[in-house]
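Below is one structure, written out as structure tokens, with a few remarks after it.
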Amino acid sequence: MELTINHTDVFTKCLDAYEEEKRFVISQGGARSSKTYSLIQLLIFICLTKPNTKVSIVRKSFPSLRGSVLRDFVEIMHELNLYDVKNHNKTEQVYTFYNRSSIEFFSIDDAQKVRGRKRDICYCNEANELTFEDFQQLSLRTSTTLFLDFNPSDNEHWIYELLNDKRSCLIKSTYKDNLF
């Protein structure tokens, strides 16, 4: 299968960090900087190229998740001519690819949703909405990489401490990084 993804440098930098096996890939940027869109494109790419990969995409509340990341995911899948409604379990909010890779979407407004689920990759959208405990629970159950994106609105947050971890990679972006 040949796949062409029109992407920004944010996609490329996140892919490089993933391939370098960084544990925490942190994308910091303002509105329209392509951080969320690029990370979704990357996760689709990883799922297509690595069979049996399990990805979780999380946000604090489901209405916020549905109105942003999930909407972008469906749009990107349509743009790439990959979306098949039969592969999308809308009750569980899991999309399963032909190679058994999957992306699940869930909110962590209930602590029980975080516990027990295991995955290869986790993407925390608007990670500054999450508590450190939320993040720790997700990290414990993620075997490879955690992608986080956030808008730099708070001066003090646990994310800034995570940047001191040598396993972290920070990718900064602005609207100028978004060619589209």
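The values are calculated or read from the model by the stated rules, or taken from the named source; none is laboratory data. For clarity, every value in this text was computed on a predicted model and none was experimentally measured. FYI the Cβ positions are ideal-geometry reconstructions off the backbone, even for glycines, and counts take in every protein chain you see. Only protein heavy atoms, including side chains, enter the accessible area calculation; ligands, DNA and RNA are left aside. Shrake-Rupley method; radii C 1.70, N 1.55, O 1.52, S 1.80 Å.
Ignoring any ligand, DNA or RNA, what whole percent of the accessible area of region 22-65 comes from carbon and sulfur when the probe is 1.4 angstrom? List each step's numbers first, then the result.
On the way: 800 of 1380 Å².
Here it works out to 58 percent.
Calculate, for region 31-88, the solvent-accessible area per residue in square angstrom, rolling a 1.4 angstrom probe over the heavy atoms of the protein chains.
On the way: 2590 Å² over 58 residues.
Result: 45 Å² of accessible area for each residue.
Checked against a 23 Å cut-off, the cross-linked pairs K50/K118; K60/K118; K50/K166; K22/K50; K35/K60; K13/K60 give Cα-Cα distances beyond that limit for K50/K166; K13/K60.
Charge dipole of the chain (Cα centre as origin; +1 on each Lys and Arg Cβ, -1 on each Asp and Glu Cβ, all else neutral): 420 debye, rounded to the nearest 20. T91 sits with roughly 120 Å² accessible to a 1.4 Å probe, with DNA, RNA and ligands left out of the calculation. Centre-to-centre separation between the Cα atoms of region 117-139 and those of region 24-63: 12 Å. Among DSSP beta bridges whose residues both lie in the chain, state the antiparallel percentage, nearest 5. If I count the DSSP bridges inside the chain, around 15 percent turn out antiparallel.
Gyration tensor over the Cα atoms of the chain: the corresponding equivalent ellipsoid has semi-axes (square roots of 5 times the eigenvalues, largest first) of 23, 20, 16 Å.
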